[in-house]
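Student: One structure is given below, represented as structure tokens, and several questions about it will come after.
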Amino acid sequence: MLLELALQTCGLSLSYKFLTAIMRLVILEDYDQASEWAAKYICNRIIQFKPSQGRYFTLGSTPLGCYKKLIEYHKNGDLSFKYVKTFNMDEYVGLPRNHPESYHSYMWNNFFKHIDIDPNNAHILDGNAPDLQAECDAFEKKIEEAGGIDLFVGGIGPDGHIAFNEPGSSLSSRTRLKTLAMDTILANAKYFDGDLSKVPTMALTVGVGTVMDAREVRTHLVLVACVFSRLVGIDTGIESKEIFVLQVMILITGAHKAFALYKAIEEGVNHMWTVSAFQQHPRTIFVCDEDATLELRVKTVKYFKGEH
């Protein structure tokens, strides 16, 4: 009411709508079902967006199981990536781009070469750039120029880190250089023949704040009032900016990540468990399998299963 009176005082005749803050937990039977659910969600979001020349859909990183299903949808003629831009979350520092364990190689071998994406629209950090901070700043700029990320999709580590935002990372952090935690180095050793000396110890990564950001798009009709934490849309009927809240989808599968899921949704926001920051995002979906729910309270599981 106070907001409405203030707007009337300014001579504006407005109606306003509320964009509901939602955190969902979708529980599937196993990894394959969770990957398929996420892939179908991504596919539907792209199709509903109706991307075209000058109107690109922007996608953050996606776990491997999703890539396989998205490739299948593309080959069946159900989905095109011609007007999709992607931004991967991270890249090792000092690892050659053509190394089989670099994220450049991973993405091209497992996804990009199988779809119709324009290579210029596939953005991956360069861990061999001469100026790493400049590379990080340029990456943030590219995301901004793309209008923000429409849908961010990612997995987490057993310690709850998102991208390479290790425990203790700032929840307002931006794309930057990070030293990897020993737990992460040990976990990644299996990809380097078990030889710790071969595992990179540093990486470039998007920040938690990067993922949490809303995007701004030139449009008309809607002006978002930040006094309600970007959750109130006001129909102005005039040319302005619309701030779209990006969607975040986190895939968590396996019993070894059950404690991280518990920390993500049942305890408070904590920079030692960076995934917990998404409790404060207006549009977060956690997609998990049954094994990942082992640390959750029974009433929590029943509540979220009762939603669907």
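What follows is calculated from the coordinates using simple rules that are stated; it is not laboratory data. Please read all numbers here as calculations on a predicted model, not as lab measurements. Glycine gets a Cβ as well: all are built from the backbone with ideal geometry, and neighbour counts include every protein chain shown.
Student: Using modelled backbone amide H atoms (1.01 Å from N, in-plane), which distant-in-sequence or interchain residues come within less than 5 Å of PHE286's amide H?
Tutor: Here ARG24, LEU25, VAL26, ILE250 satisfy the definition.
Student: Run the quick spin-label model on SER80 and THR179: label points 7 Å from Cα toward the beta carbon, then report their separation in nm to one decimal.
Tutor: 4.9 nm
Student: Let me ask something else about it. Could you give each residue of the range 105-121 its phi-based ³J(HN,Hα) in whole Hz, using Karplus coefficients 6.51, -1.76, 1.60 with θ = phi - 60°, and x for Gly or Pro?
Tutor: My calculation for the range 105-121 gives 5, 4, 5, 5, 6, 9, 8, 4, 6, 9, 10, 9, 6, 6, x, 5, 9 Hz in order.
Student: Can you list the HN-Hα couplings for the range 91-102, worked out from phi with the Karplus curve (6.51, -1.76, 1.60; θ = phi - 60°), rounded to whole Hz and with x for Gly and Pro?
Tutor: Those phi angles translate into 7, 5, 8, x, 8, x, 4, 8, 5, x, 9, 6 Hz.
Student: Got a sec to turn the phi values of the range 67-79 into Karplus ³J(HN,Hα) couplings, 6.51 cos²θ - 1.76 cosθ + 1.60 with θ = phi - 60°, whole Hz, x for Gly and Pro?
Tutor: 4, 4, 6, 5, 4, 4, 4, 5, 5, 7, x, 8, 8
Student: Quote the charge dipole size of the range 42-131 about the Cα centre in Debye, to the nearest 20; the model charges only the Cβ of Lys and Arg (+1) and of Asp and Glu (-1).
Tutor: Result for the range 42-131 is approximately 460 debye, rounded to the nearest 20.
Student: Classify the range 54-150 as rounded, prolate or oblate from the Cα gyration tensor: take a ≥ b ≥ c as the square roots of its eigenvalues, call it rounded if a/c is under 1.5, otherwise prolate when a/b beats b/c and oblate if not.
Tutor: Since a/c reaches 1.5 but b/c is at least a/b, the shape of the range 54-150 is classed as oblate.
Student: Turning to a different aspect of this structure: Around ALA146, which amide H atoms from residues at least 5 apart in sequence, or from another chain, sit under 5 Å from its own amide H, with H modelled in the peptide plane?
Tutor: none
Student: Something else about it: To the nearest 20 Debye, how big is the dipole of the range 129-183 about its Cα centre, given +1 on the beta carbon of each Lys and Arg and -1 on that of each Asp and Glu?
Tutor: That gives a dipole near 60 debye.
Student: Looking at this model, which pairs from LYS113/LYS198; LYS69/LYS113; LYS40/LYS113; LYS40/LYS85; LYS263/LYS302; LYS68/LYS141 are more than 23 angstrom apart at the alpha-carbon? Please list the in-between numbers first.
Tutor: On the way: LYS113/LYS198 27 Å; LYS69/LYS113 14 Å; LYS40/LYS113 20 Å; LYS40/LYS85 18 Å; LYS263/LYS302 18 Å; LYS68/LYS141 30 Å.
From LYS113/LYS198; LYS69/LYS113; LYS40/LYS113; LYS40/LYS85; LYS263/LYS302; LYS68/LYS141, over 23 Å: LYS113/LYS198; LYS68/LYS141.
Student: Taking the Cα centre of the range 83-214 as the origin, how large is its charge dipole in debye, to the nearest 20, when only Lys and Arg (+1) and Asp and Glu (-1) carry charge on their Cβ atoms?
Tutor: Details: 10 positive and 19 negative charges, 26 e Å.
Roughly 120 debye for the range 83-214.
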